[in-house]
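A.B. asks: Have a look at this one.
Read the figures in this text as sums done on the coordinates, not as results from a lab. Predicted, not measured: the structure shown is a model, and the values here were computed from it. Counting neighbours? That spans all protein chains shown, and the Cβs are built from the backbone with ideal geometry, glycine included.
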Amino acid sequence: MKNHKLLNMIKEAQSKNRYVSEEAIAQMAETLGLPMAHVYGVTTFYSFLSTKPPGRHVIRICKSVPCCLKDGEMMAEAIEDILGIAPGETSADGRFTLELTNCIGACDQAPAMLVDDTLYGDLTPEKIENILQSFD
Ligand code: FES
């Protein structure tokens, strides 16, 4: 029951600030009488939750097997080269945060990624470059 309540609180904190701050983690721990490490552990378990402020846009590139079989790793490397960042990092200009994620339900369009809430499939390095250029 406490974990269900905790997850709802974490999701609310994430949707309010686009990430879950250390202060929010401490407050949730105190409210629910849970160790901070537990709240932090739950927050970092889910790839759609973050404990760091994200860039203006969040890229989630799929790392699951069907995408990997269609050069998904190469697409992740293409993004890393274009932006000069590794997964988990935010570009110096604050435009993009890059995350690796499990299947995003677009295996028929593998390799696929989300930028914010928009799905892009059948990726190639050239297509990725064009997509990223369309974001401010
Ligand atoms: S495995 Fe990549 S979208 Fe499903």
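A.B. asks: Can you compute the charge dipole magnitude of segment 60-136 about its Cα centre, using +1 on each Lys and Arg Cβ and -1 on each Asp and Glu Cβ, nothing else charged? Give it in debye, rounded to the nearest 20. Intermediate results must be reported in sequence, preceding the final value.
C.D. replies: Details: 5 positive and 15 negative charges, 42 e Å.
Approximately 200 debye in magnitude.
A.B. asks: Give the order of Ile79, Ile59 when sorted by the count of other beta carbons within 10 angstrom, beginning with the fewest. Spell out each step's value before the answer.
C.D. replies: Numbers: Ile79 22, Ile59 27.
Going from sparsest to densest Cβ surroundings: Ile79, Ile59.
A.B. asks: Another question, if that's okay. Could you give the semi-axes, largest first, of the ellipsoid that matches segment 67-136, computed as the square roots of 5 times the alpha carbon gyration tensor eigenvalues and rounded to whole Å?
C.D. replies: Details: eigenvalues 70, 30, 28 Å².
For segment 67-136, the semi-axes come out at 19, 12, 12 Å.
A.B. asks: In vacuum, with every alpha carbon of the chain counted as one equal point scatterer, what does the Debye formula give for log10 I(q)/I(0) at q = 0.09, 0.14 Å⁻¹? Two decimals, please.
C.D. replies: -0.30, -0.67
A.B. asks: Still on this structure, I have one more. Mind checking which of Ala76, Ala86, Ala29 has the largest fluctuation in a GNM of the chain, springs on alpha carbons under 10 Å?
C.D. replies: Evaluated over the chain, the most mobile residue of the options is Ala29.
A.B. asks: Okay, moving on. Report the residue, chosen from Thr90, Thr31, Thr124, that carries the largest GNM mean-square fluctuation when the chain is represented by alpha-carbon nodes joined by springs under 10 Å.
C.D. replies: Thr31
A.B. asks: Lys5 to Asn102: FRET efficiency via 1/(1 + (r/R0)^6), r the Cβ-Cβ distance, R0 30 Å, to the nearest 0.05?
C.D. replies: Values: r = 25 Å, r/R0 = 0.83.
Efficiency at R0 = 30 Å is approximately 0.75.
A.B. asks: With each run of n ≥ 4 DSSP H residues scored as -39500 (n - 2.57), what mean residue ellipticity at 222 nm is computed for the chain after dividing by its residue count and rounding to the nearest 500 deg cm²/dmol? Could the numbers behind the result be given before it?
C.D. replies: On the way: 6 runs with 62 residues, N = 136.
Result for the chain, helices only: -13500 deg cm²/dmol.
A.B. asks: Taking K and R as +1 and D and E as -1, what net charge do the other residues with C-beta under 15 Å from the C-beta of Arg56 add up to? Walk me through the numbers on the way to the answer.
C.D. replies: Working: positive: Arg18, Lys52, Arg60, Arg95; negative: Glu89, Asp93, Glu99, Asp116, Asp117, Asp136.
Once all neighbours under 15 Å are counted, the net charge is -2.
A.B. asks: Give me Phe48, Phe135, Phe96 sorted ascending by neighbouring Cβ count inside 10 Å, so fewest comes first.
C.D. replies: Numbers: Phe48 11, Phe135 14, Phe96 21.
The most exposed by this proxy come first: Phe48, Phe135, Phe96.
A.B. asks: Within a Cβ distance under 10 Å of Asn102, other residues only, what is the Lys/Arg minus Asp/Glu net charge? Provide the component values of the computation, followed by the final result.
C.D. replies: Working: positive: Arg60, Lys63; negative: none.
The answer is +2.
A.B. asks: Which residues among segment 70-103 fall inside the zone where the amide N is under 20 Å from a point 7 Å beyond the Cα of Asn130, along Cα→Cβ?
C.D. replies: The answer is 71-72, 74-83.
A.B. asks: Related question: Give a residue-ordered list of calculated ³J(HN,Hα) values for segment 94-106 (Karplus: 6.51 cos²θ - 1.76 cosθ + 1.60, θ = phi - 60°; whole Hz; x for Gly, Pro).
C.D. replies: Karplus values, whole Hz, x for Gly and Pro: x, 6, 10, 10, 10, 10, 9, 9, 7, 2, 10, x, 10.
A.B. asks: Give me the dipole magnitude in Debye, nearest 20, for segment 92-136 about the Cα centre, with unit charges on the beta carbon: positive for Lys and Arg, negative for Asp and Glu.
C.D. replies: On the way: 2 positive and 9 negative charges, 15 e Å.
Here segment 92-136 has a charge dipole of around 80 debye.
A.B. asks: Still on this model: Output the relative contact order of the chain, whole-number percent, from Cα pairs under 8 angstrom with separation of 6+ residues. Show your work: numbers first, answer last.
C.D. replies: Values: 189 pairs, mean separation 29.9, N = 136.
Relative contact order for the chain comes out at 22 percent.
A.B. asks: Put +1 on the Cβ of each Lys and Arg and -1 on the Cβ of each Asp and Glu in the chain; which of Thr31, Cys67, Ala110 then has its Cα farthest toward the positive end of the dipole?
C.D. replies: My answer, from the dipole projection, is Thr31.
A.B. asks: State the antiparallel share, in %, of DSSP beta bridges confined to the chain, rounding to the nearest 5. Please report the intermediate quantities before stating the final value.
C.D. replies: Numbers: 7 of 13 bridges.
Bridges in the chain are about 55 percent antiparallel.
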